[in-house]
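Working notes, structure below.
The values are calculated or read from the model by the stated rules, or taken from the named source; none is laboratory data. Quantities reported herein were computed from a predicted structural model and do not represent experimental measurements. We place every Cβ from the backbone using ideal geometry, glycine too, and count neighbours over all the protein chains shown. Heads up: the accessible areas ignore ligands, DNA and RNA and are worked out on the full protein's heavy atoms, side chains in. Shrake-Rupley method; radii C 1.70, N 1.55, O 1.52, S 1.80 Å.
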Amino acid sequence: SELITQGPIVNKFEKKISKYTKSKFSVAYNSGSSALTAACHSLGLKEKDILWTCPNTYVASSNCGLHCGATIDFVDIDENTHNISVDLLLKKLKKSKIEKKLPKIIVVVHFAGLPCDMKEIYDLSRKYKFKIIEDASHALGSKYMNEKIGSCKFSDATVFSFHPVKIITTAEGGMVTCNNVSTYNNLRKFRENGITRELSNKKKFVKGNWFYEQHTLGHNFRLSELHSALGLSQSDRIDSFIKKRNNIANRYRKNLCNLPINFQET
């Protein structure tokens, strides 16, 4: 390839993930952490807002809110699924509504790839007016109600990580999927230092392809062509990687079943 930073391979990788998850849009980032921060920013999280997540997750699930100046709080997990407890979430929402401290965004984490009860959480979001980000770092390829995680049927955005311990890898990298065009445009601008090169903004006197405008403050969170090429090749093997992981998990269940250990079927 003639390009190693910005080029067509990034776009191909993004389209591949959108096709796989059946989302309208995908935006690639240089890490899952930066993808979470971009998702919060693109959904309008700001200072004095509140973000909730669960406590048994990597720091990025809460730090993304701190980077936007928001206050962080936690909702405890269900002891059977290790995902955010819908019952405790409802209880906390009722109390917070009285105290006028409702969250603007809730980051739900699909722990070890097991999807949260997304429809229940989505129904609560309609009632209590909060937005949902799925931290699906573990969950590329998982399904919920016969829909791939990342379709954003029950959320505003889904974030994947491509760190080496995840389902596929780009060495370091991440992706945000969404279905809203405004969110998509915000995600792209935030990734590229707040810059847009869209032709709709092009001035009549400008000639050539060098035109760009900075519309907002952003970061250089771009994923390179090199990393995207690795992700593109890995994406063909998502289902085979998941099958291998499930085979390993079943081997543990089979060989450890006579020990005094409780296994949860997920």
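Side notes on the structure shown:
- For segment 126-136, the tally of residues that are free of Cβ contacts under 8 Å to residues at least 40 places away in the same chain, open to solvent by 70 Å² or more (accessible area, probe 1.4 Å) and either under 14 Å from the mean Cα position of the chain (by Cα) or farther than 11 Å from Lys104 by Cβ (or both) stands at 2.
- Selection over segment 12-40 of residues that are open to solvent by less than 70 Å² (accessible area, probe 1.4 Å) and part of a helix (DSSP H, G or I) gives a count of 16.
- Test: residue in segment 149-167 that is crowded, with 16+ Cβ neighbours inside 10 Å and at positive phi: yes
- Condition met for Asn63 (open to solvent by less than 50 Å² (accessible area, probe 1.4 Å) and either more than 13 Å from the chain's Cα centre (by Cα) or not hydrophobic (A, V, I, L, M, F, W, C) (or both)): no
- Filter result (of a type in the set (A, V, I, L, M), in a loop (DSSP other than H, G, I, E, B) and either in contact with a strand residue (DSSP E or B) (Cβ under 8 Å, 6 or more places away or on another chain) or at pLDDT below 95 (or both)) within segment 140-164: Leu140, Ile149
- With respect to (1) farther than 24 Å from Ile167 by Cα; (2) open to solvent by 40 Å² or more (accessible area, probe 1.4 Å), the lone exception for Ser96 is condition (2).
- Lys204 surrounded by fewer than 15 Cβ atoms within 10 Å (Cβ to Cβ) and at pLDDT below 95: yes
- Selection status of Asn80, on the phi > 0 side of the Ramachandran plot, out of contact with any Cys (no Cβ under 6 Å at 6 or more places or on another chain) and open to solvent by 20 Å² or more (accessible area, probe 1.4 Å): no
- Checklist (1) within 23 Å of His138 (Cβ to Cβ); (2) within 19 Å of the chain's Cα centre (by Cα) applied to Lys104, failing item: (1)
- Total residues in segment 99-125 satisfying the condition of being open to solvent by 10 Å² or more (accessible area, probe 1.4 Å) and part of a loop (DSSP other than H, G, I, E, B): the figure is 7.
- Considering Ser182, Ser137, the condition of being touching a strand residue (DSSP E or B) at 6+ places or on another chain (Cβ under 6 Å), of a type outside the set (A, V, I, L, M) and at negative phi is satisfied by Ser137 alone.
- So Cys68, is it within 13 Å of the chain's Cα centre (by Cα), open to solvent by less than 30 Å² (accessible area, probe 1.4 Å) and closer than 26 Å to Thr183 by Cα: no
- Per the conditions (1) touching a Ser or Thr at 6+ places or on another chain (Cβ under 8 Å); (2) in contact (Cβ under 8 Å) with a residue 40 or more places away in the chain; (3) β-branched (Val, Ile, Thr); (4) over 21 Å from Ser142 (Cα atoms), the sole criterion not satisfied by Ile72 is (2).
- Condition check for Glu47: surrounded by fewer than 16 Cβ atoms within 10 Å (Cβ to Cβ) and either under 26 Å from Asn186 (Cα atoms) or charged (D, E, K, R) (or both): yes
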